[in-house]
Structures are given as C-alpha cells and as structure tokens.
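To keep things clear, I will list the structure first and then write my remarks on it.
What follows is calculated from the coordinates using simple rules that are stated; it is not laboratory data. Treat the numbers as computed from the prediction; the structure is a model and nothing was measured. With ideal geometry, Cβ positions are generated from the backbone for all residues, glycine too; neighbour counts draw on all protein chains shown.
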Amino acid sequence: MADFTFTAHTHDGTLQKGTITAENKAAALDALRARQLQPLLVEPAKKGGMNMEIKLPGGDKVKTKDLVIFTRQFSTMVSAGVPMMRALSTLKDQTDSPMLGKTLDDIASKVQGGASLSEALAKHPKVFSNIYVNMVKAGEEGGILDQVLDRLAYQQEKDSALKSKIKSAMTYPSVIGVVTLGAMFVLMTFIVPKIGGILQSFGSTLPIYTRILLQVSNIMKSPAFILGLIIGLPTLITLFRRYIKTERGRYQWHSLLLRIPVVKVIITKTAIARFSRIFASLMGAGVPIVQAIDTTAGAMGNAVIEKELRDCSKAVQAGGQLSVELAKSPHFPPIVSQMLSVGEETGKTDTVILKIAEFYEQEVDDAVGAMSSIIEPVMIVVLGGMVGLIAVSVFGPITQVSTSAGN
C-alpha cells in the first residue's frame with residue numbers, strides 16, 4: 001500500500017485536498033470516485049524530509065502541478081456546460097498560484113474582448129507552451145475542447161514525471177561531486193601545506209610525487225589562483241551559457257552531448273518518449289500532421305533531434321510519409337518508424353504511437369536507474385583515489401622520516 005496526495009472536486013464543486021492510501025494510482029482514483037469526488041490530480045505522497053521550497057527573485061513561474069489542476073478543472077467545467085467566462089473567473093479566484101491567477105485574469109479579459117481562447121493563451125508563452133496553445137486551438141475548431149484539455153493534463157503529468165526522474169537521478173552525484181571538490185580544496189589549501197612544512201623542516205629529500213603535490217597546493221592557496229577562481233569561473237560559466245543560447249552554440253553543445261555514451265542513451269530515449277506522447281496528443285486532438293511535427297520538434301529539448309524532425313516536416317509537406325522519413329534518422333530506432341507506418345496504414349496513428357511513448361517512458365526509467373548505479377561506484381572510486389593519492393604523498397615521507405630517525 002502507498003500514500004497518494006489528491007486534489008478533487010466535491011459534488012457541489014468545492015475543491016478538496018488530502019491524502020489517501022491505496023495499492024496503486026488506479027486504486028486511489030477508484031476510491032476517490034467511490035467517495036463521490038471528481039479527481040483532478042493524484043500523485044504519490046512525498047516521503048521524509050521537509051518541503052523547503054524557496055522562492056528566488058524572478059521565480060514567478062507557474063508550477064506544473066498548478067497548471068495540471070487548472071487544466072483538469074477547466075476540462076470538467078467546460079464538459080459540464082459552464083460558460084467559459086464564468087469558468088475562467090472561478091478558476092482564477094481559487095488557484096493557489098498568484099502568477100496563474102494574474103494570467104487567467106488577463107486571458108478572461110481578452111476572451112471577453114472577442115479573442116479566442118487559444119489566441120488569449122498564446123499571449124502568455126511562459127505559462128502556456130506552443131503545444132498547449134495548438135491543442136486548445138484544435139479543440140476549439142473541432143468542438144472537443146473538454147477532451148483536449150483532459151489529454152493536456154495527462155500529458156503534462158507524464159512529461160513532469162519524466163523530468164523529475166532525471167533530475168532525481170542527477171541530484172546525488174551532483175551533491176557528492178560538490179562535496180568532494182570542497183573537501184579536496186580544504187585539504188590542499190590548509191592541511192597539506194602544514195604537513196609539507198613539517199616534512200621540509202626535517203631537511204630530507206621528498207619523493208617527486210610529494211613535491212608535485214606541495215607545488216599544486218602552493219598554487220591553489222595563492223591569491224592569484226583564488227582571485228582567478230572567484231572571477232574567472234563565473235565569467236567562463238556566463239560566457240558558456242550565452243554561447244549555448246545562440247543557435248550555433250546550442251546545436252554544437254547538444255551534438256556533443258549525443259556523443260557521450262551514457263548521456264546519449266538517456267537523451268535519445270527521453271526525446272523519443274516525449275515526441276511520441278506529444279505527437280499522439282496533437283494528432284488525437286486533430287492538429288494537422290505538419291503542424292503537429294513542427295510543434296513537437298520545439299519540445300524535444302535537443303537541437304539535433306529538433307532539426308531532424310523539422311526536416312521530416314518539410315519532407316511530409318512535400319508529400320512524403322513521416323514513417324519513411326523517421327527511418328532515415330540515426331536517433332530514432334526502427335521500431336518507431338515501423339509502428340508509425342502501421343498507424344498510418346490503419347488510420348490510428350495517435351493510438352499506435354502512444355504505445356511507443358509508454359514503452360520508452362519505461363526505457364527511460366531503466367536507463368536512469370542504470371546510470372545511477374554506475375555513477376555512485378565511479379564517484380566513490382574517484383573520491384577514494386584522490387584521498388589515497390594525498391595520503392600516499394603525505395604519509396609516505398612521514399614514514400620514511402620516522403624510520404630514519406629510529407635508525
């Protein structure tokens with residue numbers, strides 16, 4: 001059994017939040033419906049630790065959780081026949097996100113002024129992505145806005161879960177790396193110089209590796225090195241970030257990442273899972289295929305794979321088939337093009353490609369787990385090797401001096 005936090009509507013429309021214990025998410029949803037509640041968001045409860053979320057300056061972003069809740073609520077109200085203006089006004093008043101409330105207020109104002117919902121959403125790209133806007137537009141044109149919103153909420157939950165798993169896997173090695181570098185800096189600038197001074201006071205000849213270690217230590221504790229570290233490192237990071245924001249720099253950086261063995265696997269499988277999930281949602285909402293490919297390409301997160309999809313879009317626009325074009329890609333495996341071909345033949349592209357999304361989401365889970373299991377022992381070996389090198393360089397001469405003194 002596991003605990004799940006939920007946000008749901010009661011029979012009179014009141015928003016209710018809480019925790020429920022169930023065997024899995026599906027059982028939790030069934031239990032909520034049995035209580036006459038309409039689930040909006042159900043996710044595993046966070047265990048242990050304190051929620052120490054700090055709002056930084058400029059952090060006025062809308063959380064994925066708030067956007068999912070809004071989308072599900074909006075879908076429920078639209079399908080129930082609630083007028084759009086009334087629905088937007090109600091959701092604006094009850095959202096927990098000040099930024100989302102302000103955004104919905106502006107959207108309601110634009111819709112009241114004659115703009116379509118998709119046009120009003122497009123004015124807020126930091127909150128509503130291009131994918132979101134295009135799917136809403138397709139829902140408006142097809143008269144299935146409630147269904148599209150429901151699809152959107154589900155897709156956002158899946159995408160958010162995928163990102164969270166990758167971030168969680170990288171947290172541990174990142175922390176270990178920072179602690180290791182900090183510990184090495186303290187050893188090299190405070191401990192090693194003192195021990196080195198003691199060794200040199202004996203007047204004995206030190207081994208070459210000990211002399212090198214002491215020389216490195218002297219460099220690291222020098223004002224020029226520390227000043228260079230304080231000024232140079234932030235400057236290099238800033239210049240690097242600016243460079244990868246350029247079209248050329250972003251493409252070269254992403255191309256480099258796709259050459260790193262373990263990283264390549266995770267990036268590729270994540271991109272395929274995201275492509276399949278988003279493309280299926282767009283096609284299911286009735287978005288034209290060329291527009292669906294272009295919109296999906298912008299959400300890949302990798303410039304190399306994005307370019308491949310945009311090239312596919314041009315080929316499809318010229319009369320080609322997406323399955324044939326994807327088969328030429330070095331990053332999309334044959335199973336994707338083959339299943340897509342089946343979808344094109346049967347007219348069920350969205351249903352078939354959704355199976356690919358589910359398969360590769362599990363593949364990403366496995367790849368992230370494998371990466372975590374590899375990184376941890378590698379970090380331990382590196383840390384142990386660095387500490388061992390210092391220990392041999394320092395305590396080896398001490399042992400020799402002690403032996404000489406004894407003789």
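In plain terms, if you count all Cα to Cα distances in region 1-46 and split them into 5 Å steps from zero, the share in each step is 6, 27, 38, 20, 8, 2, 0 percent.
A helix-only calculation puts the chain at -24500 deg cm²/dmol for mean residue ellipticity at 222 nm, using -39500 (n - 2.57) for each DSSP H run of at least four residues, averaged over all residues.
According to the Cα-based calculation, Rg over Rh for region 68-128 is 0.92, with Rh computed by the Kirkwood formula. Over the Cα atoms of region 249-318, the radius of gyration divided by the Kirkwood radius equals 1.01; this is the Rg/Rh ratio. Cross-link reach is defined here as a Cα-Cα straight distance under 20 Å, omitting same-chain residues fewer than 8 places apart; for K165 the aspartates and glutamates meeting it are D3, E43, E53, D66, E157, E358, E361, E363, D365, D366, E376. In region 146-407, Cα pairs under 8 Å separated by at least six residues give a relative contact order of 25 percent. Partner aspartates and glutamates whose Cα lies under 14 Å from the Cα of K110, excluding those fewer than 8 positions away in the same chain, are identified as E119.
Relative to the longest principal axis of the Cα atoms of the chain, helix 334-346 runs at roughly 0 degrees.
What angle, in degrees between 0 and 90 and rounded to the nearest 10, separates the Cα long axis of helix 261-284 from the longest principal axis of the Cα atoms of the chain? It works out to around 10 degrees. Charged side chains reduced to their Cβ positions (Lys and Arg at +1, Asp and Glu at -1) give the chain a dipole of some 1300 debye around its Cα centre. Extents of region 146-407, taken as max minus min of Cα coordinates on every principal axis and listed largest first, are 90, 35, 33 Å. Remark: for residue pairs K245/K328; K17/K158; K61/K167; K328/K348; K92/K245, the C-alpha separation exceeds 26 Å in K245/K328; K92/K245.
Annotation: peptides 183-192, 152-161, 231-240, ranked by per-residue average of other Cβ atoms within 10 Å with the highest first, follow the order 152-161, 183-192, 231-240. Helix 223-245 and the long axis of the chain differ in direction by around 30°, with both axes built from C-alpha atoms.
Simple spin-label estimate for E119 and I398 gives 7.7 nm between the two label positions (7 Å along the Cα-to-Cβ direction from each Cα). Scaled against 2.2 N^0.38 Å for its residue count N, the alpha carbon radius of gyration of region 161-296 is 1.71. Extents of region 312-381, largest first, come to 55, 23, 15 Å (Cα atoms, principal axes, whole angstrom).
Counted residue by residue at 0.36 nm each, then reduced by the alpha carbon distance between them, the extension gain from F185 to E376 reaches 66.6 nm. The alpha-carbon of K221 sits under 24 angstrom from the alpha-carbons of these lysines, leaving out residues fewer than 8 places away in its chain: K194. In the calculated pair-distance distribution of region 282-355, the portion above 19 angstrom amounts to 28 percent of the Cα-Cα pairs.
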